[in-house]
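Read the structure below first, then the notes.
The values are calculated or read from the model by the stated rules, or taken from the named source; none is laboratory data. This is a predicted model, so every value here is computed, not measured. Heads up, the Cβs are rebuilt from the backbone with ideal geometry, glycines too, and the neighbour counts pull from every protein chain shown.
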Amino acid sequence: MKKTENKKTKVKGNKKPFFTISKKILALSLLPMIIVCALVATVGAKALETGIEKQIEQSLQIVGVSVDETYTNLYEGDYTRDKGGKVRKGGTSISGETQLIDGLQEKTGFQVSFLYGNMRLITTLTKPEGGRINGTALEDDVYAQIQTGEALFLTDCNISEVDYYVYYQPLINSDGSVIGAIEVATPMQNVKDTISMQVKDIILIAVACVLVAATLVSVLSRSMVKTMKKTKHFLGRIVNGELDAEPDEKQCRKKDELGDVYRISVKLQKTLRSIVTEIKDSADDLTASSNKLIKMAQDTQESVNDVYHAVGEISDGARNQANETTDANENVVRIGEQIEYISEEVKSLTDYAGRMAEAEKASEEIMKELNGSNESTKESVLRVAEQITDMNGAIQNITKAVSMIQDIADETDLLSLNASIEAARAGEAGRGFAVVAEQISKLADQSKRSATEIQQIIQNIMESSGRMVEIMGEVEANMNHQQSKLEETGVKTAAVADGVENSLQHIDGIREKMDVLGQSGSAIRDVVEGLSAISEQNAASADSTMQAAHGMSDTMTELMNSSENLLALADKLEKVLDVFKV
């Protein structure tokens, strides 16, 4: 079976794939270079085109400026058109004069035109069928840009069915007006041909570099592949069990990564040879150990059966103890719950007693405030009584004054009567005096009436004051009675405070004893719980021990079977190791 597999592996190894490692290395090396060369050619062509266009613009600009300066230096004055339609520079006609632009065209190869307005007045440009294109006009948008007075450079400008690079140099009179332009042009095809030739040169150089690199990479890759094939052949011999194969010293001396791989393969061969040798030695020991292990497993099996029966009896006793401990724990828990309930009731009683003490203290404070308020009220009543007494004295004085006013009014009335009598006796001479006497009599009557009303008011005040004095007496008596009741209430409140304080002390004693009782209950519960846990652990340990003993018995059985299998494997291993040649 092994020989068949080795043959299949060997056939598969001889089958050469199409995309070999050397081709992969070549592709990985050349692909980036080809991409870089393509980018360099593309960017170089664009840069070359841009640079040539810039040079052409400068050359066309030089020619355009030269023509403008030549006309300016040769002919003084502004550009004008006479009645005959001829264009003049100063006093000289330049219409039809093509010697200057023809000479420039011959020397530079550039086409030159003189534009007046948007019309080509004279030009070196010709039609396809022959003849100059004098009189042709510019496009409106181009002429509009020239009118701004700025020079203009155009690429891809079609003139007479030919594409040109064109430069326009505006012609400006002394007043600043733009009257036309100098047009200088060169065909684009010439430039494109130049660029194409240079791009071809760049591509040829790049292709040459790629070919040189491909040659170098191919040589190096073949050398690498040769080393890898030798490594593969050496590893194939190891796979076939030839651990005594001699390595190639030349490959071992190589200092590159492939040399490292070959040296590692040699080291692998030596390691495998050492391992196989040790395995062969261990296989014999394994056979002997397996026989001993089978004998030990049989002896252990008998001992485990005895342990299993003994642990069964221990497990039954531990389980009964765990059940009894669980019942005791439940009773202790119920006692603890009753203790907690009583403790909660004692806490509630303590809260109620505390609130009673607070209420008693508040009542005591209120009694003190009420007693002080009663004293203040009593003093206020006494002051009111004194004020009423003083007011009665003042009223008596007012009564005396009113009596005096009445007496004065009576005397005044009597005097006015006498005056009236005397005025009547005097006749006409005493009429004015009679009027005065009458007014005095009226005033006397009014004084009497006012005095009478004042007396009535004073009488009412006196009666009210008398009633107020009586009421003050009643209030004072009530205040004295209230004071005695307050004092009696204070005595009873003090007694209540003593009772509440005594209750709080007794409740604190009860709470302390309940705390001690709760702690004792907790301690008992902890002990019982610990005992219950220990009992459960003992039962569980006994069960686990039984299971372990039962499992050990099964394990011993399996161990015996495994030992027998191990013995068979040791025999098989020795047969397999015979393949390796050490």
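Residues that are buried (at least 18 other Cβ atoms within 10 Å of the Cβ), more than 16 Å from S174 (Cα to Cα), touching a residue at least 40 places away in the same chain (Cβ under 8 Å) and of a type outside the set (G, A, S) within the stretch 71-115 comprise L104, F110, Q111, V112, F114, L115, listed in sequence order.
With respect to being over 22 Å from I35 (Cα atoms), in contact with a Ser or Thr (Cβ under 7 Å, 6 or more places away or on another chain) and buried (at least 16 other Cβ atoms within 10 Å of the Cβ), Y168 falls outside the description. Scanning the stretch 362-397 for residues that are farther than 24 Å from S465 by Cα, small (G, A, S) and at pLDDT below 75 yields S363, S373.
When you check S29 against the structure, is it modelled with pLDDT of 80 or more, surrounded by 15 or more Cβ atoms within 10 Å (Cβ to Cβ) and in contact with a helix residue (DSSP H, G or I) (Cβ under 9 Å, 6 or more places away or on another chain), yes or no?
no
Taken as a whole, the condition of being in the same structural domain as I421 (by TED's automatic domain parsing), within 60 Å of the chain's Cα centre (by Cα) and charged (D, E, K, R) applies to E512. Candidates are the residues of the stretch 305-351 that are among the hydroxyl-bearing types (S, T, Y), surrounded by 12 or more Cβ atoms within 10 Å (Cβ to Cβ) and under 55 Å from the mean Cα position of the chain (by Cα); the one that is modelled with the highest pLDDT is T350.
Can you tell me which residues in the stretch 104-130 are touching a Lys or Arg at 6+ places or on another chain (Cβ under 8 Å), part of a strand (DSSP E or B) and under 19 Å from M188 (Cα atoms)? Scanning the stretch 104-130 gives S113, T123, T126.
Please indicate, with yes or no, whether at least one residue in the stretch 164-184 is among the aromatic types (F, W, Y) and either closer than 30 Å to I264 by Cβ or without any contact (Cβ under 8 Å) to a residue 40 or more places away in the chain (or both). No, because not a single residue in the stretch 164-184 is among the aromatic types (F, W, Y) and either closer than 30 Å to I264 by Cβ or without any contact (Cβ under 8 Å) to a residue 40 or more places away in the chain (or both).
All conditions in (1) within 30 Å of V142 (Cβ to Cβ); (2) not in a helix (DSSP H, G or I) hold for T194, with the sole exception of (2).
So which pairs qualify, if the first residue must be in the stretch 463-490 and assigned by TED's automatic domain parsing to the domain that holds K368 and over 24 Å from I395 (Cα atoms), the second must be among the basic types (K, R) and in a helix (DSSP H, G or I), the Cβ gap must be under 6 Å, and the two must be at least 6 apart or on different chains? From the stretch 463-490, the pairs are M479/K378.
Somewhere in the stretch 232-247, is a residue buried (at least 16 other Cβ atoms within 10 Å of the Cβ), polar (S, T, N, Q) and over 30 Å from V43 (Cα atoms)? The answer is yes; a qualifying residue exists. On the stretch given as the stretch 131-157, residues that are exposed (fewer than 11 other Cβ atoms within 10 Å of the Cβ), in a strand (DSSP E or B) and not charged (D, E, K, R) total 0. The criterion of being closer than 30 Å to V40 by Cα, at pLDDT 85 or above, surrounded by fewer than 18 Cβ atoms within 10 Å (Cβ to Cβ) and not hydroxyl-bearing (S, T, Y) holds for D163. Only one entry in F110, F153 is more than 21 Å from Y79 (Cβ to Cβ), at pLDDT 90 or above, under 60 Å from the mean Cα position of the chain (by Cα) and assigned by TED's automatic domain parsing to the domain that holds S93, namely F153.
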